[in-house]
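> Mind having a look at this structure? Questions to follow.
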Amino acid sequence: MSIVSSCLWFDDQAEEAARFYVSIFPNSKLGKFDRHGEGGPGPAGGVMTVEFELDGVRFTGLNGGPMFKFSEATSFVIDCQDQAEVDHYWDALMAGGGAPGQCGWLKDRFGLSWQVVPVELGVLMSDPDGARVSRVIAAMMQMARLDIGKLRAAADGE
């Protein structure tokens, strides 16, 4: 059976990033480290790739050099059950030099884009009342970190 996983290209921070992400998500772990040999593209003994899991989802971090950078064209979505989860993931991923975006998006200190989204946003956005949805969208567009209370209030016209 085939398994799809993601490979994340870092300049030389794959191990640091993997350890950072594993510290944030529950049920996560580091896996195998492959190291450069003598005459390899990186320093002998340095990490070439690191395998890790975030809540059961497999990733590989690759120290590939400075040729490629992350962009918002690729992001990871974290579906949060409540405001406490939104706050936890937002604060943790922003730590050490992250940058807030708009509408629940942020870039972590490695430049990787994340969407920290309350599940309730999907419920509010699928309301059959178009006016409620428009108010939710207008409120969301003013936010970096999403605030469930303010989104509910906007839906209710408060």
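> Which of the residues belonging to segment 1-11 are loosely packed, with under 14 Cβ neighbours inside 10 Å and hydrophobic (A, V, I, L, M, F, W, C)?
Of the residues in segment 1-11, the ones loosely packed, with under 14 Cβ neighbours inside 10 Å are 1-7.
Scanning segment 1-11 gives MET1, ILE3, VAL4, CYS7.
> Can I ask one more? What number of residues within segment 12-39 satisfy the criterion of being open to solvent by less than 80 Å² (accessible area, probe 1.4 Å), assigned to a loop (DSSP other than H, G, I, E, B), in contact with a strand residue (DSSP E or B) (Cβ under 7 Å, 6 or more places away or on another chain) and under 20 Å from GLY65 (Cα atoms)?
We begin by selecting, within segment 12-39, every residue open to solvent by less than 80 Å² (accessible area, probe 1.4 Å); these are 13-15, 17-18, 20-22, 24-26, 28, 30-31, 33-34, 36-37.
Still in the running and assigned to a loop (DSSP other than H, G, I, E, B): 13, 25-26, 28, 36-37.
Then drop every residue that is not in contact with a strand residue (DSSP E or B) (Cβ under 7 Å, 6 or more places away or on another chain), which leaves 25, 28, 36.
Filter again for under 20 Å from GLY65 (Cα atoms), leaving 36.
Selection size over segment 12-39: 1.
Rundown of residues vs (1) modelled with pLDDT of 95 or more; (2) out of contact with any Ser or Thr (no Cβ under 9 Å at 6 or more places or on another chain), yes/no style:
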position: VAL4; (1), (2): no, yes
position: CYS7; (1), (2): yes, no
position: PHE20; (1), (2): yes, yes
position: ASN27; (1), (2): yes, yes
position: GLU38; (1), (2): no, yes
position: GLY56; (1), (2): no, no
position: THR60; (1), (2): yes, no
position: ASP79; (1), (2): yes, yes
position: ASP91; (1), (2): yes, yes
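> Just for segment 97-132: of the residues that are more than 10 Å from the chain's Cα centre (by Cα) and of a type in the set (S, T, N, Q), which one is nearest to VAL77 (Cα to Cα)?
For segment 97-132, the residue satisfying everything is GLN102.
> Quick one: in segment 47-93, of everything that is touching a Pro at 6+ places or on another chain (Cβ under 7 Å) and hydrophobic (A, V, I, L, M, F, W, C), which residue is nearest to LYS107 (Cα to Cα)?
VAL86
The values are calculated or read from the model by the stated rules, or taken from the named source; none is laboratory data. The model shown is predicted, which means the values in this text are computed figures rather than measured ones. Heads up, the Cβs are rebuilt from the backbone with ideal geometry, glycines too, and the neighbour counts pull from every protein chain shown. Keep in mind that these areas ignore ligands, DNA and RNA; they rest on the heavy atoms of the full protein, side chains included. Shrake-Rupley method; radii C 1.70, N 1.55, O 1.52, S 1.80 Å.
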